[in-house]
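K.L.:
What follows is a structure written as structure tokens; I'll ask about it next.
The values are calculated or read from the model by the stated rules, or taken from the named source; none is laboratory data. Computed from a prediction, not measured in an experiment: that's the story for all the values here. No Cβ is skipped: glycine too gets one built from the backbone with ideal geometry, and neighbour counts run over all protein chains shown.
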Amino acid sequence: MRLLIVFARMYPWRSLGMLGCLLLAAVVEGLGLSTLLPLLSLATEADLGASPALSHKQSQLEQTVRALLATVNLHPTIGLLLLLVVLSMVLKATLVLLAQRQVGYTVAQVATDLRLGLIRAILAARWGFFVRQPAGTFANAFTTETSRAAHAYQSGATIVAASVETLLYVGIALTVSWQATLVAVIAGVCIVSMLHRFVRMTRHAGKRQTLSLKALLGRLADMLYAVKALKAMAKETQVSLLIEKETRRLNRALRREVFSKEVLKALQEPIIVSALAAGMYVALTYWAVPLKTLILMALLFGRAMASFSKVQKQYQQMVTGESAFWSLQDTIARSQAAREPALGATRPVARRDITLHDVSFSYDEHHVLRNVSLTIPTGQMTAIIGPSGAGKTSIVDLIVGLVRPQAGDVWLDDTPLADIDITAWRQRVGYVPQETLLLHDSIFVNITLGEPDITEADVETALRAAEAWDFIAALPEGIHTLVGERGSRFSGGQRQRIAIARALVHKPHLLILDEATASLDPVSEATICDTVRKLRGTTTILAVTHQPALLDVADLVYRLEHGVVQQQVLPQQAGNAATMRVA
């Protein structure tokens with residue numbers, strides 16, 4: 001029941017509204033059922049015009065109903081009592097409809113709030129948190145876990161509704177015969193105890209489902225990301241075996257869930273009917289209960305048992321999705337714990353340069369940079385070269401504040417990055433990675449990323465600056481052309497120029513090219529270099545590269561190796577400077 005308490009705290013007013021409608025519905029139905037006993041009494045009287053039976057032969061419930069009708073000057077006729085029963089059922093159905101509508105709206109809101117909370121927590125987390133998480137974990141949390149958690153809330157709300165109905169029927173039955181009601185309650189508790197093991201089985205199966213889905217979607221995301229390479233090497237069969245293993249594990253969990261649910265469903269009805277039959281036999285044979293009372297008690301106990309069985313079924317359904325909710329909450333909590341701290345509030349300004357002063361950085365025990373110092377002049381192109389794993393991308397991550405150095409600092413003019421409003425600084429950065437990710441949407445959306453303030457004219461300007469306008473303008477739909485899955489409609493060079501336009505549309509102060517030409521053919525690379533050459537002087541450019549073509553465009557080149565950086569003398573500078581050790 002902890003899950004119900006959590007949801008009630010998350011949505012107090014919605015939960016109160018739902019509970020209020022259910023309670024009113026229960027009261028109205030109780031009033032309708034209360035008229036059944038006088039109705040049955042009238043139906044069994046030989047002379048409808050005769051006086052009612054003596055009060056000592058009437059149950060407390062029948063006396064109360066007759067007294068209430070007398071206070072409003074109504075004679076308990078068959079027609080009146082039937083009308084009251086019908087009206088109470090109609091009113092009860094209306095109130096239940098309102099309550100269930102509230103439940104349905106809340107279920108949709110639960111799923112939406114959980115998804116939005118997850119996305120906000122993930123995107124606010126530190127970069128280091130991302131690189132340690134399987135992508136499939138987030139995908140599973142966003143899709144299956146949110147849906148299962150929302151349905152767990154729906155089952156919980158149904159439990160509340162069915163519990164209210166059960167308590168109502170038990171309350172009415174107490175006024176008719178408290179002894180029979182007590183026996184029925186004891187029987188109900190015994191039935192629940194007998195069948196509870198199948199609920200425990202379902203809970204365990206739900207936990208196995210959550211774990212299996214996490215592992216399965218993680219493997220699936222990895223496989224789809226590398227599917228081209230896997231097929232090229234005929235390795236898809238081997239990788240599929242890993243996914244098949246997780247799929248079979250998930251299948252076993254699903255089968256256990258189905259078995260436990262069906263067994264519970266199959267056993268409930270015969271056990272309840274047997275209990276009712278035994279109770280009626282005892283009431284008729286040994287207790288000499290009047291027929292009218294027995295009929296009403298059978299009706300009440302039948303409906304009470306039906307509601308009680310619904311409580312158990314819905315509880316079983318709720319525990320299936322309960323593990324998904326706690327897993328989702330764990331993912332959100334871990335993301336929030338890894339929230340990226342705000343560095344400062346100073347407005348970012350880099351009129352002269354961006355510098356690293358004696359920066360040291362390491363991942364866990366692996367030292368990447370040691371006392372590195374370098375300068376990136378404003379308006380010029382600076383290139384960083386070096387072997388793989390030397391720390392080139394780490395310098396980029398430090399400059400944009402994705403990671404923090406263990407020693408030293410990054411400076412914008414005379415202000416350390418630790419004092420800068422990091423969000424405002426990143427908004428002035430354009431970033432082009434080696435592996436260009438394009439959304440399966442239009443060129444316009446891929447460049448604007450949904451930002452409403454960017455116009456089609458802005459997009460055209462950025463595409464022209466990236467030397468991409470000519471081939472896009474020739475398309476029938478122009479900038480509204482769909483790029484296909486991962487940009488498959490365009491060549492590598494065209495995708496990269498679209499990515500450059502995306503980086504330029506915000507008019508960035510700093511444009512970062514992180515191995516942006518590494519996988520391009522010479523012609524495409526030459527086009528990108530020509531684009532960079534035209535941008536030089538108006539935009540500060542930082543290129544991490546192995547490509548000689550980009551070095552020919554650079555104003556300043558640093559070589560990074562073994563955690564130490566050296567400034568390289570360019571051919572055009574050979575007569576003016578010697579190789580300089582920077583750190």
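K.L.:
Quick one: which helices (runs of 4 or more DSSP H) lie wholly within the stretch 1-110 and hold at least 3 residues that are closer than 28 Å to Trp178 by Cβ and at pLDDT below 60? Give the steps one after another, and end with the answer.
P.N.:
On the way: elements: 2-10, 12-34, 36-44, 60-71.
Answer list for the stretch 1-110: 36-44.
K.L.:
Let me ask something additional. Exactly one condition in (1) more than 30 Å from Arg533 (Cβ to Cβ); (2) not in a loop (DSSP other than H, G, I, E, B) is not met by Thr393; state its number.
P.N.:
Status for Thr393: all satisfied but (1).
Here's the yes/no breakdown for (1) among the small types (Gly, Ala, Ser); (2) more than 13 Å from the chain's Cα centre (by Cα); (3) closer than 13 Å to Gln314 by Cα; (4) in the same structural domain as Phe7 (by TED's automatic domain parsing):
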site	(1), (2), (3), (4)
Arg126	no, yes, no, yes
Val131	no, yes, no, yes
Gly136	yes, no, no, yes
Ala149	yes, no, no, yes
Ala152	yes, yes, yes, yes
Ile159	no, yes, yes, yes
Ser163	yes, yes, yes, yes
Ala173	yes, yes, no, yes
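K.L.:
Test Thr527 against the criterion of being under 28 Å from Arg370 (Cα atoms), within 44 Å of the chain's Cα centre (by Cα), at pLDDT below 85 and of a type in the set (S, T, N, Q), and give yes or no. Let's see the steps before the verdict.
P.N.:
On the way: under 28 Å from Arg370 (Cα atoms): no; within 44 Å of the chain's Cα centre (by Cα): yes; at pLDDT below 85: yes; of a type in the set (S, T, N, Q): yes.
It is false that Thr527 is under 28 Å from Arg370 (Cα atoms), within 44 Å of the chain's Cα centre (by Cα), at pLDDT below 85 and of a type in the set (S, T, N, Q).
K.L.:
Given the structure, is Met381 closer than 30 Å to Ile172 by Cβ, surrounded by 20 or more Cβ atoms within 10 Å (Cβ to Cβ) and either under 25 Å from the mean Cα position of the chain (by Cα) or not basic (Lys, Arg) (or both)?
P.N.:
Working: closer than 30 Å to Ile172 by Cβ: no; surrounded by 20 or more Cβ atoms within 10 Å (Cβ to Cβ): yes; either under 25 Å from the mean Cα position of the chain (by Cα) or not basic (Lys, Arg) (or both): yes.
Spelling it out, it is not the case that Met381 is closer than 30 Å to Ile172 by Cβ, surrounded by 20 or more Cβ atoms within 10 Å (Cβ to Cβ) and either under 25 Å from the mean Cα position of the chain (by Cα) or not basic (Lys, Arg) (or both).
K.L.:
Could you tell me whether Ser335 is in contact with a helix residue (DSSP H, G or I) (Cβ under 8 Å, 6 or more places away or on another chain), of a type in the set (S, T, N, Q), part of a helix (DSSP H, G or I) and modelled with pLDDT under 80? So that I can check it myself, show each step before the final result.
P.N.:
Working: in contact with a helix residue (DSSP H, G or I) (Cβ under 8 Å, 6 or more places away or on another chain): yes; of a type in the set (S, T, N, Q): yes; part of a helix (DSSP H, G or I): yes; modelled with pLDDT under 80: no.
Criteria not met by Ser335.
K.L.:
Moving on to the next point. Go through (1) in contact (Cβ under 8 Å) with a residue 60 or more places away in the chain; (2) surrounded by fewer than 16 Cβ atoms within 10 Å (Cβ to Cβ) one by one and return the number of the condition Ala407 breaks.
P.N.:
Every condition holds for Ala407 apart from (1).
K.L.:
Whether any residue in the stretch 436-459 is under 22 Å from Lys392 (Cα atoms), assigned to a helix (DSSP H, G or I) and in the same structural domain as Leu513 (by TED's automatic domain parsing) is what I want to check. Reasoning before the result, please.
P.N.:
First, pick out the residues of the stretch 436-459 that are under 22 Å from Lys392 (Cα atoms): 436-437.
Right, trim to assigned to a helix (DSSP H, G or I) and you get none.
Looking through the stretch 436-459, none of the residues is under 22 Å from Lys392 (Cα atoms), assigned to a helix (DSSP H, G or I) and in the same structural domain as Leu513 (by TED's automatic domain parsing).
Rundown of residues vs (1) assigned by TED's automatic domain parsing to the domain that holds Ile376; (2) at negative phi; (3) of a type outside the set (A, V, I, L, M, F, W, C); (4) at pLDDT below 85, yes/no style:
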position: Gly484; (1), (2), (3), (4): yes, no, yes, yes
position: Ser488; (1), (2), (3), (4): yes, yes, yes, yes
position: Gly492; (1), (2), (3), (4): yes, yes, yes, yes
position: Val505; (1), (2), (3), (4): yes, yes, no, no
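K.L.:
Could you tell me which residue of the stretch 359-370 is modelled with the highest pLDDT, considering only residues that are surrounded by fewer than 14 Cβ atoms within 10 Å (Cβ to Cβ) and of a type outside the set (Ser, Thr, Tyr)?
P.N.:
Per the criteria, the residue is His366.
K.L.:
Between a residue in the stretch 257-279 that is in contact (Cβ under 8 Å) with a residue 60 or more places away in the chain and over 30 Å from Glu322 (Cα atoms) and any residue that is in a helix (DSSP H, G or I) and among the aromatic types (Phe, Trp, Tyr), which pairs come within a Cβ distance under 9 Å, given they are 6 or more apart or on different chains?
P.N.:
Ala275/Phe301; Gly279/Phe301
K.L.:
Against the conditions (1) under 24 Å from Val532 (Cα atoms); (2) surrounded by fewer than 18 Cβ atoms within 10 Å (Cβ to Cβ), where does His480 fall short? Just the number, please.
P.N.:
His480 satisfies every listed condition except (1).
K.L.:
Have a look at Gly344, Gly386 and point out the one that is at pLDDT below 90 and on the phi > 0 side of the Ramachandran plot. Outline the logic, then answer.
P.N.:
Working: Gly344 fails: on the phi > 0 side of the Ramachandran plot.
Selected residue: Gly386, the only one of Gly344, Gly386 that is at pLDDT below 90 and on the phi > 0 side of the Ramachandran plot.
K.L.:
What's the number of the condition Arg115 fails, among (1) in contact (Cβ under 8 Å) with a residue 12 or more places away in the chain; (2) within 22 Å of Pro270 (Cα to Cα); (3) of a type in the set (Lys, Arg)?
P.N.:
The number of the failed condition is (2).
K.L.:
Restricting to the stretch 176-203, count the residues that are touching an Asp or Glu at 6+ places or on another chain (Cβ under 9 Å) and either over 18 Å from Phe259 (Cβ atoms) or not hydrophobic (A, V, I, L, M, F, W, C) (or both).
P.N.:
Final tally of qualifying residues: 3.
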